[in-house]
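**Student:** Below is one structure. I have some questions about it.
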Amino acid sequence: MKKISVFGATGSVGINTLNLLLLNKNLFKVVALTAYNDYKKLAKYAKLLNCNYAVIGNKKYYQSLKNELNGTKVNIIAGEEGLIEVAQLKTDIVVSAIVGIAGLKPTFETLGKTKVLAIANKESIISAGSFLLNAANKTKTNLLPLDSEHNAIFQIFKNEKREYIKDITLTASGGPFWKRHSTNFKKVTIKEALTHPNWKMGKKISVDSATMVNKVLETLEASILFNINIEKINILIHPSSIVHGIINYIDGTSHMIASLPDMKLPINYALNWPKRSSSCVKNLDLQKIQHLSFYKPDYNKFPSLKLKNIICNSKYKKSNIIVLNASNEVAVEYFLKNKIPFIDIVKNINKTIKLFKHINIKSINDVINVDKQARELVANIIEKRI
Ligand code: NDP
Ligand code: MG
């Protein structure tokens, strides 16, 4: 039996993972499940999967979780230190699916204690990229991306030499506003921004998809994970999200991965890697689909896409990336609280990157400090305007 822990178990990626585990109870022993607020969902799955530890990040809900799990053998822990504690337990696989930079410390802590780190938490990859990858290499931890585009590239990449790769294409559905006229962007409501056409995801990534900041994060994520220059990573609008990632080779051949848009596929791939097993998701029926369409992204309609160039041209790339990520997280929170309009998300990211006193990032502590300062700066910028 494979020992597994799931961080961010109550989220969209987390629940998809747990449902796959429920279908394969004889193959996996669940060590730890973690959540932040949702103690009820955590308790429900802790019981269903008979896990050893249930961790609630928000200490406020410790007693409530305890009550829910009364009479079971599940060990209950609370707080950030609880997340770190269970991250140190020996496992075969860890699913890192906490949203945002909050996932960084627990994810880092699992390196060397788990054999496979299946990582959805893209904010940690882009902010702490080289440190995370070096630590994974040093501790011989296999890093498997869960983000669908990166999982696709991972599946193709392993068979080929890097020198044969001309460039990489990540597809983008275009989000809920691909067809909306940009003059109407001012009126975007929270509900509209959260209604993704193809994927059912957590709130933060849904807003990121609507602004298309998600594709910028994903470009950086791919560049770090596959050690490819950012300039060699292209974005292509593909509204049906059937093709996920494409590698173009120097000889004119392209390899691409296609499937129905369902996160169970990349998660199931990681859970079974290097083997494959049924995920209960159907194969494509190409006769039924008939057409696949692809379009050039509109940089004027989605100014977030220009952030890629800002990063490419910056002297302090790593610092710029951390600031981009942190200011986006904070601006999205403000939008979700109805405190700033949709179009101000990207405006505030740009302002924060511009005003921040960037430094040379030399350590994981630098990452944490720059992230913290960027959060303070963007909050100040927003509050002053309110
Ligand atoms: P959700 O918002 O649905 O879930 C987030 C999870 O993290 C929940 O379990 C939540 O707990 C927990 N959490 C939130 N804040 C904290 C915190 N401060 N400390 C500890 N735990 C916390 O997110 P998604 O599942 O959509 O996304 C998770 C990650 O995966 C993100 O980085 C996202 O970009 C990435 N990703 C997601 C995809 C998707 O299809 N959803 C696709 C590709 C990547 P609680 O429920 O208690 O609040
Ligand atoms: Mg993705």
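**Student:** Part of a loop (DSSP other than H, G, I, E, B), in the same structural domain as residue 87 (by TED's automatic domain parsing) and surrounded by 24 or more Cβ atoms within 10 Å (Cβ to Cβ) - does that describe any residue in region 108-119?
**Tutor:** Checked region 108-119: no residue is part of a loop (DSSP other than H, G, I, E, B), in the same structural domain as residue 87 (by TED's automatic domain parsing) and surrounded by 24 or more Cβ atoms within 10 Å (Cβ to Cβ).
**Student:** Do the conditions hold for residue 6, that is, is it assigned to a strand (DSSP E or B), within 12 Å of ligand 1 (Cβ to nearest atom), over 29 Å from residue 278 (Cα atoms) and not assigned by TED's automatic domain parsing to the domain that holds residue 266?
**Tutor:** Judged against the criteria, residue 6 is not a match.
**Student:** Condition check: crowded, with 16+ Cβ neighbours inside 10 Å and in a strand (DSSP E or B). Does residue 95 satisfy that?
**Tutor:** Here the answer is yes, as residue 95 does meet what is asked.
**Student:** Are there any pairs with C-beta distances below 8 angstrom linking a residue in region 73-84 that is more than 11 Å from residue 35 (Cα to Cα) to a residue that is at pLDDT 95 or above and among the basic types (Lys, Arg), with the two at least 6 apart or on different chains, and if so which?
**Tutor:** 74/47; 76/66; 84/105
**Student:** Kindly provide the set of residues from region 188-206 that are under 13 Å from the mean Cα position of the chain (by Cα) and either more than 7 Å from ligand 1 (Cβ to nearest atom) or of a type outside the set (Gly, Ala, Ser) (or both), ordered by number.
**Tutor:** 201, 203, 204, 205, 206, listed by residue number.
**Student:** Tell me, which residue of region 212-258 that is β-branched (Val, Ile, Thr) and within 13 Å of ligand 1 (Cβ to nearest atom) is farthest from residue 332 (Cα to Cα)?
**Tutor:** 216
**Student:** Right, here's the next one. Pick from 148, 127, 182, 206: which is more than 16 Å from ligand 2 (Cβ to nearest atom), of a type in the set (S, T, N, Q) and closer than 20 Å to residue 8 by Cα?
**Tutor:** 127
**Student:** Any chance you could count how many residues in region 43-92 are farther than 20 Å from residue 23 by Cα, open to solvent by less than 10 Å² (accessible area, probe 1.4 Å) and assigned to a helix (DSSP H, G or I)?
**Tutor:** Going through region 43-92 one residue at a time, the tally reaches 4.
**Student:** Looking only at region 259-291, which residues are open to solvent by less than 50 Å² (accessible area, probe 1.4 Å), in a loop (DSSP other than H, G, I, E, B) and either touching a Gly at 6+ places or on another chain (Cβ under 8 Å) or among the aliphatic types (A, V, I, L, M) (or both)?
**Tutor:** Listed by number, the residues that qualify are 263, 281, 284.
**Student:** Report those helices (runs of 4 or more DSSP H) wholly inside region 180-244 carrying at least 2 residues which are assigned by TED's automatic domain parsing to the domain that holds residue 164 and within 18 Å of residue 340 (Cα to Cα).
**Tutor:** Per the criteria, 190-194, 203-211.
**Student:** Within region 307-319, work out how many residues are open to solvent by 10 Å² or more (accessible area, probe 1.4 Å) and either of a type in the set (Phe, Trp, Tyr) or part of a helix (DSSP H, G or I) (or both).
**Tutor:** Within region 307-319, residues that are open to solvent by 10 Å² or more (accessible area, probe 1.4 Å) and either of a type in the set (Phe, Trp, Tyr) or part of a helix (DSSP H, G or I) (or both) number 8.
The values are calculated or read from the model by the stated rules, or taken from the named source; none is laboratory data. What you see is a predicted model, and the numbers here were worked out from it, not measured in a lab. No Cβ is skipped: glycine too gets one built from the backbone with ideal geometry, and neighbour counts run over all protein chains shown. The accessibility values were calculated without ligands, DNA or RNA, using every heavy atom of the protein model including side chains. Shrake-Rupley method; radii C 1.70, N 1.55, O 1.52, S 1.80 Å.
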